[in-house]
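Data first, discussion second: the structure below is written as structure tokens.
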Amino acid sequence: MLHSQIQNLILKNKTDKGNVQQHLILISGDGNANDNRTSFPDIVSIALDYGWTVDIWSWKASLSYKFLDIQRKNPSKIQINYLDPYRSSITFTQKQKQKQKYSILPFLPFLICLIIFIYYFYIL
């Protein structure tokens with residue numbers, strides 16, 4: 001559904017308005033065929049056909065070769081950017097919880113009271 005919404009926006013915003021330049025910024029490396037429905041590589045191709053410029057942002061390991069093929073055919077209209085150099089700025093790691101050290105100190109007043117109780121009621 002997102003694919004078709006983007007496609008519709010591209011088709012509605014042609015660059016026949018003089019010097020207005022449309023620009024698509026796609027943050028995805030997904031090149032899946034999408035069961036013969038509109039896919040991200042299709043959208044990029046359509047945008048380029050309509051005179052748009054395209055920036056793709058993706059992790060290097062997850063970028064589909066389809067985008068590289070499209071870039072080879074349109075080197076001046078498409079730029080591929082990798083997120084990898086910015087990993088520490090845009091991701092986080094959850095700190096591991098430290099093992100809680102148990103202490104007898106919070107229970108010490110209770111233990112003292114218990115000992116006194118036992119002493120007075122059972123020993124005396």
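The values are calculated or read from the model by the stated rules, or taken from the named source; none is laboratory data. What you see is a predicted model; the values in this text were computed from it and never measured. Don't worry about glycine lacking a Cβ; one is built from the backbone with ideal geometry, like all the others, and counts go over all protein chains shown.
Filtered by the rule that a residue be among the charged types (D, E, K, R) and at pLDDT 75 or above, the stretch 85-124 gives a lone residue, R87.
Candidates in the stretch 19-68 are the residues that are of a type outside the set (V, I, T) and in contact (Cβ under 8 Å) with a residue 40 or more places away in the chain; of these, the one that is farthest from I90 (Cα to Cα) is Y50.
Among the numbered conditions (1) surrounded by 16 or more Cβ atoms within 10 Å (Cβ to Cβ); (2) under 16 Å from L2 (Cβ atoms), the only one that I27 does not meet is (1). The set of residues in the stretch 32-50 being small (G, A, S) and either more than 14 Å from L2 (Cα to Cα) or at pLDDT below 85 (or both) consists of A33, S45, A47.
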